[in-house]
Each structure stands twice: as C-alpha cells, then as structure tokens.
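Inspection log for the structure reproduced underneath, given as structure tokens.
Nothing in this text is a laboratory measurement; each read-out follows from the coordinates by a stated rule. Since this is a predicted model, take the numbers as computed values, not measurements. For neighbour counting, all protein chains shown are included, and Cβ atoms are generated from backbone atoms with ideal geometry for every residue, glycine included.
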C-alpha cells in the first residue's frame with residue numbers, strides 16, 4: 001500500500017457524515033462499525049488507574065519481580081472495578097481505563113478508587129511478606145471524570161479498538177498522572193457533586209473524605225482524597 005491509497009481513505013473519513021446512535025451501556029467492540037463515521041453517544045464516568053514510577057520499577061528490579069507487580073496491581077484494580085459495576089475498556093502498560101454508566105456511575109467509580117487505595121496497602125504488605133529484603137513500595141493514582149462521550153472504532157480490519165472521545169476520557173487520564181504524595185484519588189467537581197454520602201463521608205466522626213483543590217493545568221475544580229475503603 002502506498003501513501004496515495006492511505007490518503008484516499010483519510011479523505012473519505014473527512015467527507016463522510018456522522019451517524020450517531022444513543023447508548024445506555026458500554027458498547028461491545030463488535031457493535032461499533034469500523035467503516036464510515038459511526039459512533040455511539042452515552043453519558044459516562046471514566047476511571048483511569050495508573051501505577052506510579054513504573055519506569056524506575058523496570059529499570060531497578062528484576063523483570064520477573066516487575067511483572068509480578070504489574071499483574072498484582074492490574075488484577076486487583078480490575079476486580080474492584082468489575083465488582084463496582086464498571087466496564088474495563090483498555091489497558092495501556094501499567095494503567096487500566098474503565099467506564100461506568102447509569103444513575104450511580106460517579107459513586108461507583110469513586111468507591112472503586114477508595115477500594116483500590118485499600119488493596120494497594122494490602123499488596124504492599126504482601127510484597128514485604130514475600131520479599132522481606134526488598135525496599136519496593138507500590139504507589140498509584142486514580143483519576144475520575146464524567147461527561148458525554150462519543151465512542152467510535154479506530155484502526156484497520158483485524159487490528160482495531162474503541163476510542164472514547166470526550167472531556168472525561170482525557171481528563172481522567174491526566175488526573176491519574178498527578179503526583180501528590182499521600183493523595184492517590186482525584187475526582188472532578190461534577191463527579192463530587194453526584195456522590196452518594198457513603199462515598200463522600202467517612203471516618204469517626206464522619207468527615208468529608210475529599211479535599212477541594214484547583215487543577216492549575218486546566219483551571220477546573222477537583223477533589224483529592226487520602227482515604228481508603230476496606231472490604
């Protein structure tokens with residue numbers, strides 16, 4: 001295939017009118033057409049869970065140990081997300097993306113973040129038990145945002161995936177990359193305003209688990225949390 005053939009397909013993408021269908025659940029990849037400009041619209045809450053310092057991990061430790069850390073973190077995060085009703089939509093190295101839909105999507109996503117924070121503490125205990133001479137400590141961050149989303153299929157035949165276009169997908173990913181020690185959970189203000197009390201208040205006496213901040217990169221109001229949800 002030469003460049004002219006590729007550009008023919010590119011120009012066809014730019015010319016084609018969009019066909020948009022409403023959605024009420026996270027679509028299967030088979031449901032979204034690859035040819036033409038077709039997409040599914042839905043209101044979704046996007047969660048990104050991202051390991052911290054994975055470059056240092058692979059550079060400083062044996063590959064088998066690094067692989068075990070990857071597997072432990074992603075397995076734990078995925079099981080928690082699925083248990084809270086989220087749908088795993090993508091993996092990118094050391095992080096996982098998930099989408100929640102429905103009336104409780106923001107509470108379910110925030111609860112997932114707090115539970116992931118708890119399980120990471122348990123993973124670190126397990127690491128010290130198995131490798132008492134290791135100084136490694138697993139750290140991570142979860143970012144969550146909510147917005148309308150357009151879901152489309154990208155790629156070529158036999159090599160394609162869904163792309164999630166919307167503020168939530170972009171900002172959740174960026175929030176998961178924030179490095180504020182002691183605060184592994186970040187949500188945007190629209191998510192915070194929809195939280196059920198159980199995901200907003202904790203401790204004895206009960207206090208707000210989320211601290212209001214300004215995200216300097218965007219000017220948006222966000223909330224961070226150091227709390228965890230044991231289970």
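Couple of notes before you dig in:
- Fewest-first ranking of 55, 111, 188, using other Cβ atoms within 10 Å as the exposure measure: 55, 111, 188
- Inverse of mean 1/r across different Cα pairs in the range 95-148, Kirkwood, Å: 13.0 Å
- Under Stokes-Einstein, with the Kirkwood radius over Cα pairs as Rh, the value for the chain at 20 °C and 1.002 mPa s is 112 µm²/s.
- Calculated mean residue ellipticity, 222 nm, the chain: -11500 deg cm²/dmol, from DSSP H runs (n ≥ 4) at -39500 (n - 2.57) each, averaged per residue and rounded to 500.
- In terms of surrounding Cβ atoms within a 10 Å radius of their Cβ, 99, 120 rank from fewest to most as 120, 99.
- Whole-percent pair-distance distribution, where bins are 10 Å wide, for the alpha carbons of the range 1-65: 15, 24, 20, 25, 16, 0
- Distance cut-off 19 Å, percentage of C-alpha pairs in the range 122-224 lying past it: 59 percent
- Applying Stokes-Einstein at 25 °C and 0.890 mPa s to the Kirkwood radius of the range 39-87, computed over alpha-carbon pairs, gives a translational diffusion coefficient of 191 µm² s⁻¹.
- Available extension along the chain between residue 8 and residue 121 is 35.4 nm, counting 0.36 nm per residue and deducting the alpha carbon span.
- Between residue 158 and residue 174, the simple spin-label model (points 7 angstrom out along Cα→Cβ) gives 3.8 nm.
- Exposure proxy for 183, 73: other Cβ atoms within 10 Å of each Cβ, ordered fewest to most, give 183, 73.
- The range 158-231 and the range 6-83 have their alpha-carbon centroids 19 Å apart.
- For the range 1-137, the Rg and Dmax computed from alpha carbons only, in angstrom: 20.1, 61
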